[in-house]
Amino acid sequence: MRTFIAIEIPAAIKTELTKLQAELRRTGADVGWTNPNNIHLTLRFLGEIEEVRLTELKRLCAEIATQFQPFTLRLKDTGCFPNFKQPRVLWVGLAGEISIAQELQQRLEAGLTALGFDPEDKPFKPHLTIGRVKSGKNIRQLVAKSDMYPLPELSFAVGEIVVLKSELHPAGARYTPQAKVKLGD
Ligand code: 2AM
């Protein structure tokens, strides 16, 4: 089962990101836009795991969730991976109590390693992926418009973490929550 651990974002934020996507679409760039309902903050991508491991994964998330109180994040800026010259992934960055998200991610990482999962080799870069660039068509316009876009600094409360199953379909990914654990419980 393809699995990851994430923070879900509220509908008001998705609405704002949909407006950003609509604006960037107008550049005519060749981008696979993330379905706004699928936009989330990934804390840890696990890839394929055996379904039996889900129980220990849920237990770990529940245990770590007790160590945190709800916190606040806000939309910050737009950007892309790996760089502006060759954008592949378009994202919206986050600010606010980001150090708490980082701490949460680090404790998850330590717990996952203790459970025998392979360590993550990439540094944690908190972001919301809004689209994936498919070709070089109109990328200059895309990057310029994304850079100039007046993104409102909307805040949202983070109150839980979610274990999600990811199924890849030609029409797009389908993410199904397997467990939701509230912070502070
Ligand atoms: P992304 O937001 O940067 O695309 C589900 O696929 C989630 O896990 C996505 O949010 C994706 O990040 C993240 N993820 C991290 N590493 C991944 C990988 N190697 N393959 C697929 N998704 C990955």
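Data table
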| read-out | value |
| --- | --- |
| Mean shadow area of region 5-97 over all directions, Cα convex hull, nm² | 7.9 |
| In sequence order, calculated HN-Hα J values of region 116-126 (Karplus, 6.51, -1.76, 1.60; Hz; x Gly/Pro) | x, 6, 5, x, 6, 9, 9, x, 6, 10, x |
| With DNA, RNA and ligands ignored, accessible area of PHE45 (1.4 Å probe; Å², nearest 10) | 90 |
| For region 42-148, size of Cβ-based charge dipole, Lys and Arg +1, Asp and Glu -1, in debye | 800 |
| Pairwise centroid distance, computed over Cα atoms, of region 130-173 with region 52-66, Å | 28 |
| Proximal aspartates and glutamates relative to LYS85, as straight alpha-carbon distance under 18 Å, when same-chain residues fewer than 8 apart are discounted | ASP30, ASP77, ASP147 |
| Amide H contacts under 5 Å for HIS40, placed H, 5+ residues apart | THR129 |
| Too-long pairs where the Cα-Cα distance tops 18 Å, listed order kept, from LYS14/LYS76; LYS19/LYS134; LYS134/LYS165 | LYS19/LYS134; LYS134/LYS165 |
| Gain on full stretching of the segment that runs from ASP121 to ASP147 - 0.36 nm per residue minus C-alpha separation | 6.5 nm |
| The chain - Debye-derived log10 I(q)/I(0), Cα point model, q = 0.10, 0.11, 0.12, 0.19 Å⁻¹ | -0.41, -0.50, -0.59, -1.34 |
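The values are calculated or read from the model by the stated rules, or taken from the named source; none is laboratory data. All values derive from a computational prediction rather than experimental measurement. Cβ: placed from backbone, ideal geometry, glycine included. Neighbour counts: every protein chain shown. Please note that ligands, DNA and RNA were not included when accessible areas were found on the heavy atoms of the full protein model with its side chains. Shrake-Rupley method; radii C 1.70, N 1.55, O 1.52, S 1.80 Å.
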